[in-house]
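Reviewing the structure listed below.
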Amino acid sequence: MSQDTTRRDFIQTTTALGAAWWVSGGPKAFAKEPSPLERVRYACIGVGGKGKSDSADAGQHGDVVAICDIDENNLNKASKKFKKAEKFVDYREMLDTMGDKIDAVTVSTPDHSHAPASAMAMKMGKACFTQKPLTHSVYEARRLAEIAKESGVPTMMGNQGTAKSGLRKAAAIIKEGGLGTIKEVHIFTNRPVWKQGGERPATATVPKEVHWDLWLGPAPERPYAPGYHPFAWRGWWDFGTGALGDMACHTVNMPFMGLDLRNPTSIVAESSGHNRDSYPQQSKIVFQFPANEARPALPLIWYDGGYKPDVALLLGEDFKHDSGSIIVGENGTLYSYGDYGDNWMLLPTGEVSEPNVEFEESPGHFTEYHQAITGERKEATSNFVNYAGPLTETILLGNLAVWADGKKIEWDPKNLKATNAPEVAGIIKNDYRDGYTL
């Protein structure tokens, strides 16, 4: 038995004993001042952007003992908050050096580094929280779910709307037939809010604080330019997943939970055009899902870059937000406005009554992850194996259709293959530069 496994068992056992002691009327001081051995030790990969809030969540739940970022400005800012944390610019060095000094990681990097960083941590027996989308490619999504299952470590993806009661209630209404048979699903977003669809920015000198080769990580080499780090990487095929990958893990989340939208049989897209280096500025993608035990076959239509569903789908209402979802049922329509699926209304207004449904309340998104580590719950809702992996896999299939530029993709989920489009094989599974593996 490894030292990591022994300590994880100890954390789970002492947490359970502490909970029992609390219930039986034992001293409250135990819950307030746990032994250092009971504190989960987090290492944070990426501490700028979303990594700032992810590392803050880790620090609120446990001890942040190591931080890593390729941008030393981000690293130094985080170090002021986590004064005792070891600093690294290469997550591989951090994981190798820290070894049994950490229990769990957060991965808050650009999309192209999600999978290799997460895989390395899980193979070392570390619990893993990874930002959305879970991966950069369809193959990576499938493989990370497999590694999570093989390693048995707690996992979670950072699609925080999963914990919102409004989302869970809407999903329960759909799942339990509150709208009758669902006919179609429409999802739309205001993304991209960055420039994409054009030529690469002009090469520039790498800022002294940025470790550009480490930022590239597994991606193909290219010169530094200011149009990538720290934000607009989302619009480039080598690094991001476009508007679809950036937001669909949020906006598709509620209908995915309610309808189990896995393994579409085909996907086709229309777009404003792109050079296969940068994503198109606009796209509309149609997924066809086969019937399952709970529902008949149905389409999901995705809109971004200014494309939107027909307002007539709102049955006399107008759009309340420039992102959202419309789930059309035989007995009514559920319109969710905003990015996270928690704000919604039933249509036609005044004609569809809200059914009473039961659903599990969440203690908080990151709290679920932490509790899965300590043994207070079996697993987080958006764990890699049963939820986040399949959700990400479904979403990223849309980018195969975007790459194919109007050609319908016939999908074989068992073999992860587009049976009629060998040209998208490199999008399904991309190659890594030397030094990075899955």
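The values are calculated or read from the model by the stated rules, or taken from the named source; none is laboratory data. Quantities reported herein were computed from a predicted structural model and do not represent experimental measurements. Using ideal geometry, Cβ is built from the backbone for each residue, glycine included, and neighbour counts are taken over all protein chains shown. Just so you know, the surface numbers come from the protein's heavy atoms only, side chains and all, with ligands and any DNA or RNA stripped out. Shrake-Rupley method; radii C 1.70, N 1.55, O 1.52, S 1.80 Å.
Were the residues from Gln288 through Arg222 laid out at 0.36 nm apart, the gain over their Cα-Cα distance would be 20.1 nm. Per-residue extension of 0.36 nm, minus the Cα-Cα distance of Asp431 and Thr203, leaves a gain of 79.7 nm for this segment. Scalar couplings 3J(HN,Hα) for region 102-113, obtained by applying the Karplus form with A = 6.51, B = -1.76, C = 1.60 to θ = phi - 60°, are 10, 10, 8, 10, 10, 10, 10, 9, x, 3, 5, 9 Hz; x denotes Gly and Pro. Around the amide H of Thr155, modelled in the peptide plane, lie the amide H atoms of Cys128, Ala380, Phe384, all under 5 Å away and 5 or more residues distant in sequence or on another chain. Taking a label point 7 Å from the Cα of Glu351 along the Cα→Cβ vector, which residues of region 316-336 have an amide N closer than 19 Å to it? Once the point is set 7 Å along Cα→Cβ of Glu351, 316-319, 326-336 turn out to lie under 19 Å by backbone N, inside region 316-336.
For region 328-353, the residues whose amide N sits under 14 Å from a probe point set 7 Å from the Cα of Asp322 along the beta carbon direction are 338-339. The relative contact order of the chain, computed from alpha carbon pairs under 8 Å that lie at least 6 residues apart in sequence, is 20 percent. Take every pair of alpha-carbon atoms less than 8 Å apart whose residues are at least six positions apart; their mean separation over the length of region 97-190 yields a relative contact order of 23 percent.
Largest GNM mean-square fluctuation among Gly316, Gly161, Gly389, using the chain with Cα springs under 10 Å: Gly316. At 222 nm, what helix-only mean residue ellipticity would the chain give, in deg cm²/dmol to the nearest 500, using -39500 (n - 2.57) for each DSSP H run of four or more? The helix-only estimate for the chain comes to -9500 deg cm²/dmol at 222 nm.
Here the chain has 50 percent of its accessible surface on carbon and sulfur atoms, given a 1.4 Å probe and all protein chains in place. For region 174-190, putting each phi into the Karplus relation 6.51 cos²θ - 1.76 cosθ + 1.60 with θ = phi - 60° gives couplings of 5, 5, 8, x, x, 10, x, 5, 7, 9, 6, 10, 10, 10, 9, 9, 7 Hz, in residue order, rounded to whole numbers and with x for Gly and Pro.
With the cut-off at 1.5 for a/c, could you classify the chain from its C-alpha gyration tensor as rounded, prolate or oblate? Taking the square roots of the gyration eigenvalues as a ≥ b ≥ c, the chain is oblate. Can you bin every Cα-Cα distance in region 288-335 into 10 Å intervals starting at zero and give me the percent of pairs per bin, rounded to whole numbers? Histogram of Cα-Cα distances, whole percents per bin: 19, 51, 26, 4. When the chain is treated as a GNM with alpha-carbon contacts under 10 Å, the residue of Phe239, Phe82, Phe188 showing the greatest mean-square fluctuation is Phe82.
Backbone phi angles across region 335-351, fed through the Karplus curve with coefficients 6.51, -1.76 and 1.60 (θ = phi - 60°), yield HN-Hα couplings of 10, 9, 10, x, 7, 10, x, 9, 9, 7, 9, 9, 10, x, 4, x, 10 Hz in residue order; Gly and Pro are listed as x. Paramagnetic label reach from Thr181 (point 7 Å along Cα→Cβ; backbone nitrogen cut-off under 16 Å): within region 290-323, residues 290-299. For region 221-348, what is the percent of antiparallel DSSP beta bridges, rounded to the nearest 5? Counting only bridges with both partners in region 221-348, antiparallel ones make up about 95 percent.
How big is the gap, in Å, between the Cα center of region 44-99 and the Cα center of region 216-292? After rounding, the separation between the Cα centres reads 27 Å.
Put a dot 7 Å past the Cα of Glu376, heading toward its Cβ, do the same for Lys149, and the two dots end up 2.9 nm apart. Rounded to the nearest 5, what % of DSSP beta bridges with both residues in the chain are antiparallel? Approximately 60 percent, going by the DSSP bridge assignments. Its alpha carbons give region 283-438 an Rg and a Dmax of 19.3, 60 Å.
Residues whose amide H lies under 5 Å from that of Lys183, counting only those 5 or more places away or on a different chain, are Val328, Gly329, Glu330; hydrogens are built 1.01 Å from N in the peptide plane.
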